[in-house]
Structure formats: structure tokens, C-alpha cells
Amino acid sequence: MADWADSKVSLAGQGTLVGKALTAPSGGALAARVAGIDVTARVVAGATIIAGDTILLQRRGSVYYATDVIPGAPVAPPAPPPPDEEEDSGDAAPAPKPAIRTGTLMCVPTATATYRGSVWRSDGDPTNSFDTYQGRYSGSSYGRMTGCAFYGSKPRSIAGATVTRATVKFRRLSGGDFSARTATLRLVSQSSRPAGAPTLNESTNGPSLAVNATTTGFVIPTSWAQAMVDGTRGGLAIHVDSDNPYIKLAGRGTWSAAWTLTISWRRG
């Protein structure tokens, strides 16, 4: 079979032909075969051609110019280039800061109750909707009272969050003298009303209210609310180790907002 360059003209551009060198250059020219025709072609300066090379030729009028050698196909694919070396830009960029989320959780007590002597009071409102008392009514033989609010599992619904603020709603009812009196708040272990006495822990001053006064944003220590979120504490109480001051605060049976705990929190 004849060489493809002996029988076919291939256009590589306007005026460009593909041929075969029949001789090496001599005196600046060589013999070549283009489309089955033997021609004499001038060799451009710098071109290195030997007999048998497939070459590119330019034709201007009746003159042929041998310009380049067409290389054969590679016997193996070329090796891939080496990977670019990353420029050393110093220390690695710090990890992105986690997104900060904030929110507010409202916890209505699952029960308000008053412990007196050795039992939970039920002489009026249901035991779990009872008003909350502190101290002892003058002349009473029933013993001192501890009013409690229990919050169930609601605070733990944001476990892992950091508490930034916590407030409680209180309303004072008729009981004792009418002047402003300060309740003593206690942090309770249980999250629901136990069969026996509540377990009282930390102590702080509570709201100072006259009879019929209300506070809807009394601030309690953030550590107290954090303990409820973490599950180590579960409720609040009013309690003093003496008979006075005798104070009565509304329970949820008297005022639906009584002892509502509002926790502001953040994550991240």
C-alpha cells in the first residue's frame, strides 16, 4: 500500500501541503513527493529534514518551500505534568466560628403546691394547683409552710444551651400584713411534686411585694436556671426557717401565669 503522503494532499492551512521528503537537503533544496507528484522544494533556514520524513510544505506560485517535519505519533502517552506546588501561605486559616443561636423558653409550672408539717396541703385548691405559702400564720398549730413550683421536663428541652437570663412571674395575695415583704427563694431538687418533703438547696432573696402586687420579670440567678436546664435541679420554692415573714403567693389555680419561668439562652 502506498504511503498516505504519496496519494493525498492534506491542507493544514491556506497554501500548506503535506508531503514526503525523497532526499536530504542539498544546496538548500530537496526532492519531495506531494500528492503523487515529485517536486523540488526549497528548505527554509533552520529546518532539519532527512529522507523519508513527512513534511509540511508551503506553495507560492510554482515554488515549494519545505518548512517543518511532522513528528510521528508517540509510542507511549506523555507523563502527566507534576502537580503544582502550593505556595506556603503561613499558618492554616482558623476554623470558622460556629453559628450562634439564641432563644427564649417559657416554662409554665406543671404543679404549684404547699408543704406544711408533713403533708402537701389540699384544703381548698387541688394539691397541684395550690397557692404557695411561706412561714406560719400567726397562732397556727399546723407548722411552717414551703410553697413550691415544679417545672417537669420543659427546661431540659434545651439541654446543652447556656442560660443568659431567667425571670419568674409572681403575684402576692392577701395573707399577713399588707406592707411589702420579701420572700426567700430556694432551689428545689425535684422536677415534680414528691410524696414527701421537697429537697431545698440554694437560697436567695425573692421578690418584695405588698398584698395584690405583681412582678412579671423577677430575675433569678442564671446558675439556677442553668441547673434546671442541665437536669440537676427541677423547681423553685419560698421558704424561711422561722414563722415570719408570712407570705402567700398565687399558685396556678388562682393566677394562670403564676411562677412562670422564662429562660433566655444561647448556643455556639
>> Given the -39500 (n - 2.57) contribution per DSSP H run of 4+ residues, what per-residue ellipticity at 222 nm results for the chain, rounded to the nearest 500 deg cm²/dmol?
In response: -1000 deg cm²/dmol
> Hey, quick one: spin label on residue 204, modelled 7 Å out along Cα-Cβ, who in the range 158-176 has an amide N within reach, i.e. under 15 Å?
Replying inline: 163-170
> About its Cα centre, how strong a charge dipole does the chain have in debye, to the nearest 20, once Lys and Arg get +1 and Asp and Glu get -1 at the Cβ?
Replying inline: 1820 debye
>> Given an 8 Å cut-off on Cα distances and at least 6 residues of separation, report the relative contact order of the chain as a percent.
In response: 20 percent
> What length, rounded to one decimal in nm, is gained on full extension from residue 159 through to residue 257, with 0.36 nm per residue of separation minus their alpha-carbon distance?
Replying inline: 32.9 nm
> Tell me, what are the semi-axes, in whole angstrom and largest first, of the equivalent ellipsoid of the chain as set by the roots of 5 times the Cα gyration tensor eigenvalues?
Replying inline: 106, 16, 16
> Fewest to most neighbouring Cβ within 10 Å: what's the order for 254, 48?
Replying inline: 48, 254
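With both bridge residues required to lie in the chain, what share of the DSSP beta bridges run antiparallel, to the nearest 5%?
95 percent
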>> Distance between the C-alpha centers of the range 156-210 and the range 36-51? Whole Å please.
In response: 106 Å
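Laboratory data are not the source of any read-out in this text; all were calculated from the coordinates shown. Quantities reported herein were computed from a predicted structural model and do not represent experimental measurements. Reconstructed Cβ throughout: ideal geometry from the backbone, glycine too, with neighbour counts over all protein chains shown.
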